[in-house]
Amino acid sequence: MDQAIKVDKVGNVLLATYRPDAVERTGRRLKMEYVGMGCVFAFIWIVSFSGTAHWTESALATAGTFFLFLALKKKTRDHLVTSFLMFAAAALAQPAVTVLLWVLPYMLFGMCAWAMEGYLEKRRNRIFTLPAVFAALAWATPLWPLAFAFVAAYLLEARDDAPGLRRKLALVVAASGLAGAALTVLASWRGDPASWTPVPLDAWHYLLLGAVALPVLLCLVFYWRQLAWPHRVNGLLFAAAAPFGIRLLAIFGIAGSIVLAATVFRQSVDSLRWRSAFKHAEWYYFWVILAVVAGLLVLR
């Protein structure tokens, strides 16, 4: 027998028996979702990206995670799950950001995710930022063609709901490729072999990769028919590329989190019963992450 459901104010599909408890009611009055997510970004800054040479670099890397958050939040509709995915992506990006100072490229890859997921979610004007993003990417890293492949994969998805939209995207992608090719001539990395040389993963990095890649690959198998084509292609492409260097590991963190958000964590979690439990838990989580960040700041 079908379970009775209801839809809350932000679009979460929950059991009809779900009732906000005192912690949730208090949290809503105090706007704890904003406080909690602010603490999430502070946690990522302190734990994952504070090892950079200057605080501005930590801020740029954290901004990359913020763009990833904007790409994910309309899929998961759950701050607890979104935080988990951002923590995983930041952990995978940490070696590239703190060891190689691959800060600007990481932020710009996050912007690509923000633009393209907006394209799928009727926030179409975001794609017009792509030529500028690719100009900056090409100036910053020789790996910009990977971002081009990531973006171009979205052309595989039919947009029958908006005739002409895919053609518009094709023109923007072409302009982005031209911008990247043009800026390559002036690129800061030209003549620097270190920018091309892959930095291999160590045992800890492989452990992190396995912890994220295994769920991503399982989701690709079990949710294949439900996934948009760009999520399928990018999930497979960057999962295959991730073992070949810590920069590629960082990119996989972005692509893999999108796959997870679009499948098992769609609308929080792919189970009505567990979704209600997660909804309760997120209001407790805001207080926990606030306490954790306060503790980290005291100990610094």
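Among the residues of the range 161-179, are any out of contact with any strand residue (DSSP E or B) (no Cβ under 8 Å at 6 or more places or on another chain), touching a residue at least 12 places away in the same chain (Cβ under 8 Å) and part of a loop (DSSP other than H, G, I, E, B)? Yes: the range 161-179 contains one or more residues that are out of contact with any strand residue (DSSP E or B) (no Cβ under 8 Å at 6 or more places or on another chain), touching a residue at least 12 places away in the same chain (Cβ under 8 Å) and part of a loop (DSSP other than H, G, I, E, B). Close contacts from the range 94-121, counting a first residue that is within 11 Å of I246 (Cα to Cα) and a second that is part of a helix (DSSP H, G or I) and acidic (D, E), with Cβ to Cβ under 8 Å and a gap of 6+ residues or different chains, come to V97/E57.
Within the range 51-83, being without any contact (Cβ under 8 Å) to a residue 12 or more places away in the chain and not charged (D, E, K, R) holds for H54, W55, T56. One residue is enough: does the range 221-244 have a residue meeting the conditions over 23 Å from A152 (Cα atoms) and either among the small types (G, A, S) or open to solvent by less than 70 Å² (accessible area, probe 1.4 Å) (or both)? No: zero hits. Could you look through the range 86-122, keep only residues that are β-branched (V, I, T) and touching a helix residue (DSSP H, G or I) at 6+ places or on another chain (Cβ under 8 Å), and pick out the one that is farthest from W139 (Cα to Cα)? Taking the candidates together, the pick is V99. Evaluated against (1) open to solvent by 50 Å² or more (accessible area, probe 1.4 Å); (2) in contact (Cβ under 8 Å) with a residue 24 or more places away in the chain; (3) under 20 Å from the mean Cα position of the chain (by Cα); (4) within 20 Å of D78 (Cβ to Cβ), F265 falls short on exactly one condition, (1). Look at L85 and say whether it is assigned to a helix (DSSP H, G or I) and either surrounded by fewer than 23 Cβ atoms within 10 Å (Cβ to Cβ) or not aromatic (F, W, Y) (or both). For L85, the condition - assigned to a helix (DSSP H, G or I) and either surrounded by fewer than 23 Cβ atoms within 10 Å (Cβ to Cβ) or not aromatic (F, W, Y) (or both) - is met. Among the numbered conditions (1) hydroxyl-bearing (S, T, Y); (2) under 22 Å from V259 (Cβ atoms); (3) part of a loop (DSSP other than H, G, I, E, B), the only one that S50 does not meet is (2). Inclusion of L178 among residues that are at pLDDT 95 or above and open to solvent by 10 Å² or more (accessible area, probe 1.4 Å) is warranted.
The residue of the range 22-37 that is farthest from M86 (Cα to Cα), among those that are open to solvent by 40 Å² or more (accessible area, probe 1.4 Å) and either not in a helix (DSSP H, G or I) or not β-branched (V, I, T) (or both), is A22.
The values are calculated or read from the model by the stated rules, or taken from the named source; none is laboratory data. Note that the coordinates shown come from a computational prediction; the quantities given were computed from them, not determined experimentally. Cβ coordinates were reconstructed from backbone atoms using ideal geometry, including for glycine residues, and neighbour counts include every protein chain displayed. Accessible surface areas use protein heavy atoms only, side chains included; no ligands, DNA or RNA. Shrake-Rupley method; radii C 1.70, N 1.55, O 1.52, S 1.80 Å.
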